[in-house]
1. Based on the Cβ-Cβ distance of Val72 and Thr145, what FRET efficiency does E = 1/(1 + (r/R0)^6) give at R0 = 35 Å, to the nearest 0.05?
2. In µm²/s, what is D for segment 40-171 at 10 °C and 1.306 mPa s, where D = kT/(6 pi eta Rh) by Stokes-Einstein and Rh is the Kirkwood radius from Cα pairs?
3. What residues qualify as long-range amide H neighbours of Thr163, i.e. H under 5 Å apart, gap of 5 or more or another chain, H built at 1.01 Å from N?
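Read the figures in this text as sums done on the coordinates, not as results from a lab. Values in this document were obtained by computation on a predicted structure and should not be read as measured data. Every residue, glycine as well, gets a Cβ built from its backbone with ideal geometry; the counts of neighbours run over all protein chains shown.
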Amino acid sequence: MKKKVCFVLMIALVLICFQIAAAAEEPQQSDDTEKDPPYGELGFLYNDYTFGLMDEADVVMENLGEAIDYFVSASCAYQGDDYIYYYDGIEITVNEIDGVRRITGITLTDDLISIPQGVKIGMNIEEALPMMNDLPYTEKNGVFTFHYAFTDLLMQTDKLHTTIIAIQYTLAEES
C-alpha cells in the first residue's frame, strides 16, 4: 500500500513539475502590450486622442494641448480642489486622488462635439440610442445612463424626453 501511495505522489510531483516548466515556457505579456482601457467603450476621443475617467490628467492634457482657460474651486466630492479645464466644446474636471491628478469628469459644452459613437447635444434620443452599440443603459426622469466599470455616461434629455440637452462622463457612485 505504501508503494502505491509513494508512486501516486511521485506521479503528482512529476505532473506539477511539467506544469511549472510549461508555464515558464509560455510567453509572458510585456508591459509594452496595449491593454484595454478600464473605461471600455466609454472612453472619449478629442483631437485624435482617446482618454477617459481616472486617466492621469497631466498625460491627457499634454496630449490635448493647452486649455483655453481653467477654474479652481474647493471640491465637494474630494479632499482639496476641483480643477476645471476648458477646451473648445468640452470641460475636463481634475482632482487629486492618492497623490495623482486624475480625470474625474468630462462634460460636452456645445453641439459641435460628439462622443466617439457619434452622439451629440441636440440629437433625438431615439436616434442616439442605437448608436451606442447596444451598451446597456438605465433611464430615470429623462436621464439615460450608460455604465461601464467605474464610468457613467449621462445623456440628459429635455422636458419632453426627446432631445439630448447635456452629455457628461462621471465616476460611477458604485463601481
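1. For R0 = 35 Å, the calculated efficiency reads 0.80.
2. After rounding, the answer is 104 µm²/s.
3. So Thr163 has HN proximity to Ile125, Asp158.
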